[in-house]
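Some notes on the structure that comes next.
The values are calculated or read from the model by the stated rules, or taken from the named source; none is laboratory data. Please read these numbers as outputs of a predicted model, since none were measured by experiment. Cβ placement follows ideal geometry from the backbone for every residue including glycine, while neighbour counts extend to all protein chains displayed.
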Protein chains: 2
Amino acid sequence: MRASRFFISTLKEAPSDAEIVSHKLMMRAGMIKRIGSGIYTYMPMGLRVIRKVEAIVREEMNRAGAIELLMPLVQPAELWQETGRWDKMGAELMRVKDRHGREFAIQPTSEEVITDVVRSEIKSYRQLPLNFYHIQTKFRDERRPRFGLMRGREFTMKDAYSFDRDLAGMQHSYQVMFDAYTRIFTRFGLRFRAVAADNGAIGGTGSHEFHVIASTGEDALVYCPDSDYAANMEAAEALPTGTRAPATAELAKTSTPDASKCEDVAKLLGIDLSKTVKTIALTTEQEADGKVTKQHFMLLLRGDHELNEVKAGKVPGLTGTYRFSTEEEIRDVYGCVPGYLGPIGTKGAVTVVADRTVANMSDFVTGANEAHFHYTGANWGRDMAEPHITADLRNVVEGDQSPDGKGVLAIERGIEVGHVFQLGTAYSESMKATFLDENGKPAPLQMGCYGIGVTRVLGAAIEQNFDDKGIVWPTSIAPFELVLCPMGMDRSELVKEETEKLYAAALEAGIDVIVDDRGLRPGAMFADWELIGVPHRIVIGDRGLKEGQLEYQGRRDTEATNVPLADIVEFIKGKVRQ
Amino acid sequence: MRASRFFISTLKEAPSDAEIVSHKLMMRAGMIKRIGSGIYTYMPMGLRVIRKVEAIVREEMNRAGAIELLMPLVQPAELWQETGRWDKMGAELMRVKDRHGREFAIQPTSEEVITDVVRSEIKSYRQLPLNFYHIQTKFRDERRPRFGLMRGREFTMKDAYSFDRDLAGMQHSYQVMFDAYTRIFTRFGLRFRAVAADNGAIGGTGSHEFHVIASTGEDALVYCPDSDYAANMEAAEALPTGTRAPATAELAKTSTPDASKCEDVAKLLGIDLSKTVKTIALTTEQEADGKVTKQHFMLLLRGDHELNEVKAGKVPGLTGTYRFSTEEEIRDVYGCVPGYLGPIGTKGAVTVVADRTVANMSDFVTGANEAHFHYTGANWGRDMAEPHITADLRNVVEGDQSPDGKGVLAIERGIEVGHVFQLGTAYSESMKATFLDENGKPAPLQMGCYGIGVTRVLGAAIEQNFDDKGIVWPTSIAPFELVLCPMGMDRSELVKEETEKLYAAALEAGIDVIVDDRGLRPGAMFADWELIGVPHRIVIGDRGLKEGQLEYQGRRDTEATNVPLADIVEFIKGKVRQ
């Protein structure tokens, strides 16, 4: 490519609505252009990166035996009603009516359509397994679109759907996709981590997220540096800390004026926060025969721990929908204002759910169910009944034991760009997608689904790879692998000639090269390519040429390297194919 | 590709809603699957064809200097309101509201968005010319979607937009695109014709349509076999026939009971239809100061000619909106029921517009403005005033003189798959997309737009290329170039071995080959590939192999050819690269 025939448009300053570095740099590098809230035109420079990401995804999906098709963007509401997602998805699902008043969804994913396709195509177990994928525009009507391509409304996603005859087959298909994703993210040249994710109703480890590691990531990734354990915060199991020590302190009701938070209580009493227990009041409502029954739950967590709401949702009685109790409910049930609740002497009917760590505590501090008072020296069994339920309720923290017993946990930040998920028969049952098994009996298809946020990969790659000059693309997804920067092409015949020769040789060698023939002065030219993030640069200048040398500089190099003219193509091939 | 790892699904019968051959064959060959009215999933076999079409389009667009980007599907209403198309487009424009109630269009084309992109990017004439294109999903809410991909609602289109500093530059960009389209359609391997099209307000020859020639085409293409004149029916000029002969007959009012059509009158009077003149009554309405003024027009056409409504719309006074007069208006203005109107003795205020051919007629038959009566022997000037306006009002017919004076016109049927259009400054003016010219003065950008209906190409290609066995794809856009059909692969080691060898050699030679390893019996296998339309087939059988021969058959060949095993790769390369 010649820069003069391409479209390059860089900005000194990012627009004020760009909050994060990837958004700022993509705007400045002229990769995207905002058309509306969360809606972008992918400009020529950005589209090249998207196409490279897509090509890697496509190659590895094909290699893994998945078959490409293309499902429509505008999908009939009827299909979405069959699975109930038409109602469940809420405002994120963009809905549209045609001229006849028929309703459609603009697809955020395609489980319904692929299941509809497959239920009419698959008759027999002999046709299985199958895995279909497409790379398609998606729309999700985010409440607050932001961060450029990281949380846009219109975006590109690769979604794949596997169909198997039984659970074992589905798990095999899942593993094949897991391995393909590992190859894909490796080929992107990004540091990433696959973490076990919560799988909702299906349970088990039937779901993994692929995260690009970046300190600016929205998600906390939990892993064990000494083993292969890795999970996201929702799914990472928090083991109980130690065993319960015998009681040594007396129970004492202590005045803690205005200290409604554990931090304040610990400070006031001069004790460690880890000696306190906090109470979270939850309520569920169930309707039967037109009558609403409420149930109340008291969740207990160590003062320095955080509630994990997904885990709370798995506690018997809390599955389905729970909510935080209202202040009025708390006064009714506990006879006390919030901030001083505790498991000792609770008045109303409350199910006490202790986090595993809390269940192992002794001599702890907890609310006295009386405003401005706490108990110190509280002990299970002695001062109150054992908890009704003991469960994992909290987020893990750094230093927790790894659930696999092979070390302690560390936490890093990540950006989710891929997700593999064992769907089981949820969709095939609601949509009656069955096949005839070996005995000629109809059975529901076992499904898996597998997504990669293609456009999101760009944002994540930049969040991981940038410096104060701009983007630093990994070679495999860079808009160009190599830029040639001739110095004074219009003044020097030699520079012009050698630039053209090198350009032709690089093309011949299969290198994705752009020659900057715009005639800019060196400073502006270099600044553009550093901002855009092309990973390899060769400067062609009169002085160097006279000595038979060209200047190579990698985007992360602090200095240029002189390379003999005769070796340059092999040299750059080595760099690019590294 | 191995058939066992691909998805092949053929049908003996097409679904009943498939009306035309391309729709039927695409459904039967498992290329598309209906999801909703005018909405399809492109199945793996169909998607391969789409990708080949896209690749050819992309290569030739790039070669022509156009730059690829990707504009969003969901586009803010505000942009469409700037050009007035939000209101003008009517129900075909699919509209959607987001969660905040903001309105968006699902793009049918992208003039507004590209003009918005360019108006903020282009500052100076130095940045021009530019041509941006994308290949993107489109939506058009057709009133009656049908014919599969020929008139779907969701479809894929390549649309390009050129930007120039002046008219000459724009016309050059237009020619570059015209030439690129010619290469594209040639590479598709389709018989096609570029025809001048009506250009609406801009006029001139600033618009051409590219049609795939097919007897089932919806459009009539007019061309001169002896010259390069070609136009669509709307744009093809009808020259006047001969010159007006002197009057020889007397004017006579003749009883023509119940003969309200020229055909009936000619039959009744025993004369040729070309001696009759038919009358078409039109009315326009104009509102000023709350008062509606009507104007009435009498259009006169030779009895055997057809009105061309686009041409009628160019008659002074009829530009803008005209309509056919109501029966009530006809009674009021002409004092007569429809069917017997004519230019002699018209009562009301009527503008008489004669087609050029009618203006040259003499001794003709026309309505007497009295029920069940016609005049015979009517002559201009003698029996009535000369027409107020003489204009080209009619469709040309075969045998008409070519407007370039180089022969007579022929007509064939075509399917429109491409359109190039000189937009001028219509969009840049309404959206204030200006640049600074050489004198530093702002000037509106001169635009052109260029579309190819990517998915429609599939339908058109099939309408042109099929037989009673199925589709006959041109090699360049076939889902596979070559199919290998081994006979009894499971029984014969030799067949298996030679098939694998040939498969590897074909891949190595860069041939897009599929090997049918499904283990079907020959009849079913051949029927599938003939239906799917793969253009080249090699049968590998024990008997042939023992004689060192393979059987080649082109999709249009009536018989197979034996090719020596040693020559087969070169032979097939020759066929595929033909």
Of these, B:Phe163, B:Phe210, which one is more than 10 Å from chain A (Cβ to nearest Cβ), under 17 Å from the mean Cα position of the chain (by Cα) and crowded, with 17+ Cβ neighbours inside 10 Å?
B:Phe210
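Assess whether A:Glu111 counts as being within 20 Å of B:Phe155 (Cα to Cα) and of a type outside the set (Phe, Trp, Tyr).
Numbers: within 20 Å of B:Phe155 (Cα to Cα): no; of a type outside the set (Phe, Trp, Tyr): yes.
When the stated conditions are applied, A:Glu111 does not pass them.
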Single residue of region B:528-561 satisfying the filter (of a type in the set (A, V, I, L, M) and surrounded by fewer than 22 Cβ atoms within 10 Å (Cβ to Cβ)) that is nearest to B:Gly46 (Cα to Cα):
B:Leu531
Number of the exception - B:Pro246 against (1) in a loop (DSSP other than H, G, I, E, B); (2) under 32 Å from the mean Cα position of the chain (by Cα)
(2)
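With the structure loaded, tell me whether A:Gly217 is in the same structural domain as A:Gly424 (by TED's automatic domain parsing) and closer than 18 Å to A:Leu458 by Cβ or whether it fails that test.
Details: in the same structural domain as A:Gly424 (by TED's automatic domain parsing): no; closer than 18 Å to A:Leu458 by Cβ: yes.
No, not satisfied.
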Unique residue being outside any helix (DSSP H, G or I) and in contact with a helix residue (DSSP H, G or I) (Cβ under 8 Å, 6 or more places away or on another chain) when the list is B:Arg491, B:Arg537
B:Arg537
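Within region B:515-540, work out how many residues are of a type in the set (A, V, I, L, M, F, W, C) and within 33 Å of the chain's Cα centre (by Cα). Talk me through it step by step, then tell me what you get.
Our first condition is that a residue be of a type in the set (A, V, I, L, M, F, W, C); within region B:515-540, this holds for B:515, B:520, B:524-527, B:529, B:531-532, B:534, B:538-540.
Keeping just the survivors that are within 33 Å of the chain's Cα centre (by Cα) gives B:527, B:529, B:531-532, B:534.
Count: 5.
Quick one: how many residues across region A:131-157 are more than 14 Å from chain B (Cβ to nearest Cβ) and part of a strand (DSSP E or B)?
Kept after step one, since they are more than 14 Å from chain B (Cβ to nearest Cβ), are these residues of region A:131-157: A:146-147, A:150-151.
Narrowing the set further to residues that are part of a strand (DSSP E or B) leaves A:146, A:151.
Within region A:131-157, residues that are more than 14 Å from chain B (Cβ to nearest Cβ) and part of a strand (DSSP E or B) number 2.
Looking for whichever is within 14 Å of another protein chain (Cβ to nearest Cβ) and either surrounded by fewer than 21 Cβ atoms within 10 Å (Cβ to Cβ) or at negative phi (or both) here; the options are B:Arg193, B:Arg183, B:Arg102, B:Arg187. Which one fits? Step through it out loud before you land on a result.
Working: B:Arg193 fails: within 14 Å of another protein chain (Cβ to nearest Cβ); B:Arg183 fails: within 14 Å of another protein chain (Cβ to nearest Cβ); B:Arg187 fails: within 14 Å of another protein chain (Cβ to nearest Cβ).
Just one listed residue meets the conditions, B:Arg102.
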Mind counting the residues in region B:513-523 that are touching a residue at least 60 places away in the same chain (Cβ under 8 Å) and not hydrophobic (A, V, I, L, M, F, W, C)?
3
Of the conditions (1) more than 30 Å from A:Arg34 (Cα to Cα); (2) within 11 Å of chain A (Cβ to nearest Cβ); (3) among the aliphatic types (A, V, I, L, M), B:Ala64 clears all except one; give me its number.
(1)
Out of region B:105-125, which residues are more than 11 Å from chain A (Cβ to nearest Cβ) and loosely packed, with under 15 Cβ neighbours inside 10 Å?
B:Ser124
Spot the failing condition for A:Asn199; the list is (1) in contact with a strand residue (DSSP E or B) (Cβ under 9 Å, 6 or more places away or on another chain); (2) not assigned by TED's automatic domain parsing to the domain that holds A:Ile56; (3) not in a helix (DSSP H, G or I), and only one is missed.
(2)
Can you tell me which residue among A:Leu128, A:Leu73 is crowded, with 16+ Cβ neighbours inside 10 Å, facing another protein chain (nearest Cβ under 9 Å) and aliphatic (A, V, I, L, M)?
A:Leu73
Are there any pairs with C-beta distances below 7 angstrom linking a residue in region A:36-53 that is farther than 19 Å from B:Gln107 by Cα and more than 7 Å from chain B (Cβ to nearest Cβ) to a residue that is buried (at least 24 other Cβ atoms within 10 Å of the Cβ) and not hydrophobic (A, V, I, L, M, F, W, C), with the two at least 6 apart or on different chains, and if so which?
A:Met45/A:Pro479; A:Arg48/A:Pro479; A:Val49/A:Pro479; A:Ile50/A:Tyr42; A:Ile50/A:Thr455
In region A:81-96, what residues are facing chain B (nearest Cβ under 9 Å) and either buried (at least 17 other Cβ atoms within 10 Å of the Cβ) or touching a helix residue (DSSP H, G or I) at 6+ places or on another chain (Cβ under 9 Å) (or both)?
A:Met94, A:Arg95, A:Val96
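In contact (Cβ under 8 Å) with a residue 60 or more places away in the chain and at positive phi: which single residue out of B:Gly470, B:Gly448 fits that description?
B:Gly470
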Which of the numbered conditions does A:Pro486 fail, given that it passes all the others? Conditions: (1) at pLDDT below 95; (2) surrounded by 19 or more Cβ atoms within 10 Å (Cβ to Cβ).
(1)
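Determine, yes or no, whether B:Gly152 is within 30 Å of B:Thr41 (Cα to Cα) and either out of contact with any Phe, Trp or Tyr (no Cβ under 6 Å at 6 or more places or on another chain) or not hydroxyl-bearing (Ser, Thr, Tyr) (or both).
So B:Gly152 fits the description; yes.
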Answer yes or no as to whether B:Pro564 is surrounded by fewer than 17 Cβ atoms within 10 Å (Cβ to Cβ) and not assigned by TED's automatic domain parsing to the domain that holds B:Gly189.
yes
